[in-house]
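Right, one structure below, let's go through it.
Taken together, the values in this text are just the output of simple stated rules run on the coordinates, not laboratory data. Predicted, not measured: the structure shown is a model, and the values here were computed from it. Cβ placement follows ideal geometry from the backbone for every residue including glycine, while neighbour counts extend to all protein chains displayed.
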Amino acid sequence: MDNYNVKINSLRLRNARLSKGYTMSELASKAGGLTRQAISNYELNKTNISIKNLKKIAEVLEFPYEYFLKNSRYELNQLNTSPIFFRSSRVDVRVESIYFQKFNQFYKIYKELEKYIDFPKLKLPRLDAKEEAVGLERGYDKGYIDKIAEETRELWGLGKKPINNLYDEMLRNGILISKIETEHKGTDGFSLISGETSMVFINTNRGNCVRDRFSLAHELGHIILHSSLEQEEKYDYKQIEEDANYFASTFLLPDEGFVKDIYSIDISALLEIKKKWKVSLAAIIMRLEYLNIIDENQKRNMFITLSRKGWRKKEPFDDELEKESSTFFEDAIELLVNNDVLEIDELISEFEIGERRVIDLLGLSDEFFQKYNKKPTTPILKLVK
């Protein structure tokens, strides 16, 4: 059986390899007994592959080998998506390819679930065409970003108050989010837009509560302001990051509600603001300057104070404020299983990419699927009749 040759889904093989960040030579070496040319032939569909070699490759790539024998469903086409927006730093092509494939797998899970579940539809404000054209070319006017942030809050029914759980609010309004571990240490979050589907990953290795919230708001800014950018389009990376940062600031700290809470610009008073609004001192100081509550010199002195106290990398309350989370995908899976739509094994089979990868991409606990796999035990004791 293992020596039997089969035709595989070459696109899935290539995408799986890219998702691990391997070159063809690296994959051949890790699988053992294969050459770069052999991997190339498999990916170009020039030759069939033995089940034995397919199993070796699948083990290295951490996919069920059957995955490569099935037709593609719900695969993202990179030509029809936005660029991946990375918060904090640029990444090389190889890293970007890894995360595109993670989005591809996340998208596939979502589309499989969407066959059975009526997920929230994407709810975002419409941009003025002229403002968008100018914004994408030269950067958005800050006043217009203020307007769009305010419209988003109104559309989502958030008012001018602090947002209790931004994670839940974004999911509730049609934006798919997951927290994943990533080895790329320079990135807090990243997002991708494909048609009406907007996806965000947050790096669990980087953030605390306030950092995660700013990253979410930053990616929301990209989704609203930069969804029309195309993969091959040249754009000013620094400018779109500045626009997304400003959107995050004005969205999390709307001037009307935020200013009412400012009774002093003393650092101790601003720490109380941080606890209430769950935004960093650094972001609060930047917002105060933009709203003309402090001037450039005051801002500089406040940042000097933060540095002197050792608060530039870690601020007070960073560890005390609880990280936000959601049971969105757990609820979706439980809805299907508890209503006898699908057995858990059937659902994992439909996902196709393996239980471990589903757990990682949806941010589930390692024990999540185990509770469905417990078989009823035969009682040892009986009542006396």
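Rounded, prolate or oblate: pick one for segment 91-133, where a ≥ b ≥ c are the square roots of the eigenvalues of its C-alpha gyration tensor, a/c under 1.5 means rounded, and failing that, prolate if a/b is larger than b/c, else oblate.
Numbers: a/c = 4.76, a/b = 1.09, b/c = 4.39.
It is oblate, given that a/c is not under 1.5 and a/b is not larger than b/c.
Pairs of lysine residues in segment 204-363 that meet both criteria, 8 or more places apart or on different chains and Cα atoms under 17 Å apart, total 17.
Semi-axes of the equivalent ellipsoid of segment 78-308: what are they in whole Å, largest first, if each equals the square root of 5 times a C-alpha gyration tensor eigenvalue?
On the way: eigenvalues 176, 72, 69 Å².
Each semi-axis is √(5λ); the values are 30, 19, 19 Å.
Given (i) 56, 50, 38; (ii) 75, 74, 42; (iii) 115, 43, 32, which label gives Cα extents along the principal axes in Å as computed from the coordinates? Recomputing Cα extents along the principal axes in Å here gives the entry labelled (ii). Between L321 and K260, residue separation times 0.36 nm minus the direct Cα-Cα distance comes to 19.7 nm. Take every Cα pair under 8 Å whose residues are at least 6 apart in sequence, average their separation, divide by the length of segment 214-335, and the relative contact order is 20 percent.
Here's the picture: charge each Lys and Arg Cβ at +1 and each Asp and Glu Cβ at -1 in segment 78-308, and of F119, G135, V210 the one pushed furthest to the positive end of that dipole is V210.
I'd like to compare 325-336, 144-155: which one has the highest average count of other Cβ atoms within 10 Å, and what's the full order after that? Provide the component values of the computation, followed by the final result.
Numbers: 325-336: 16.0, 144-155: 18.4.
Descending packing order for the listed peptides: 144-155, 325-336.
Here the contact order of the chain, divided by its residue count and restricted to Cα pairs under 8 Å and six or more residues apart, works out to 17 percent.
Once a ≥ b ≥ c are taken as the square roots of the eigenvalues of the Cα gyration tensor of segment 5-69, is the result rounded (a/c under 1.5), prolate (a/b larger than b/c) or oblate (a/b not larger than b/c)? Show your work: numbers first, answer last.
Values: a/c = 1.23, a/b = 1.12, b/c = 1.10.
Rounded.
Counting every other Cβ atom within 10 Å of each residue's Cβ, M302, M286 order from fewest to most as M286, M302. Helix content alone sets the calculated 222 nm mean residue ellipticity of the chain: runs of n ≥ 4 DSSP H residues at -39500 (n - 2.57) each, divided across all residues, give -15000 deg cm²/dmol. Placing +1 on each Lys and Arg Cβ and -1 on each Asp and Glu Cβ, with no other charges, gives segment 5-69 a dipole about its Cα centre of roughly 120 debye.
How much length is gained on full extension from K55 to R308, taking 0.36 nm per residue of separation minus their Cα-Cα distance? Spell out each step's value before the answer.
Values: separation 253, 0.36 × 253 = 91.08 nm, distance 5.70 nm.
Taking K55 through R308 to full extension adds about 85.4 nm, to one decimal.
Relative to the longest principal axis of the Cα atoms of the chain, the long axis of helix 129-138 lies at roughly 90 degrees. Computed from Cα atoms, the angle from the helix 93-114 axis to the main principal axis of the chain rounds to 80 degrees. The share of Cα pairs per 10 Å bin across segment 204-349, counted from zero up to the longest distance, runs 10, 30, 28, 18, 10, 4, 0 percent.
Among the trypsin sites (Lys or Arg not before Pro) in segment 1-31, those placed in a DSSP loop whose Cβ has at most 16 other Cβ atoms within 10 Å are K7. A Gaussian network model of the chain, with springs between Cα atoms under 10 Å, assigns the largest mean-square fluctuation among K299, K313, K70 to K313.
Is the shape of segment 156-230 best called rounded, prolate or oblate, per the rule: a/c under 1.5 gives rounded, else a/b larger than b/c gives prolate, else oblate, with a ≥ b ≥ c the square roots of the Cα gyration tensor eigenvalues? In terms of gyration-tensor shape, oblate.
Can you tell me the order of 32-38, 254-260 when each peptide is scored by its average per-residue count of other Cβ atoms within 10 angstrom, highest first?
On the way: 32-38: 13.9, 254-260: 15.6.
With the highest mean Cβ count within 10 Å placed first, the list reads 254-260, 32-38.
Going by neighbour counts of Cβ atoms within 10 Å, the residues F351, F103 line up, fewest first, as F351, F103.
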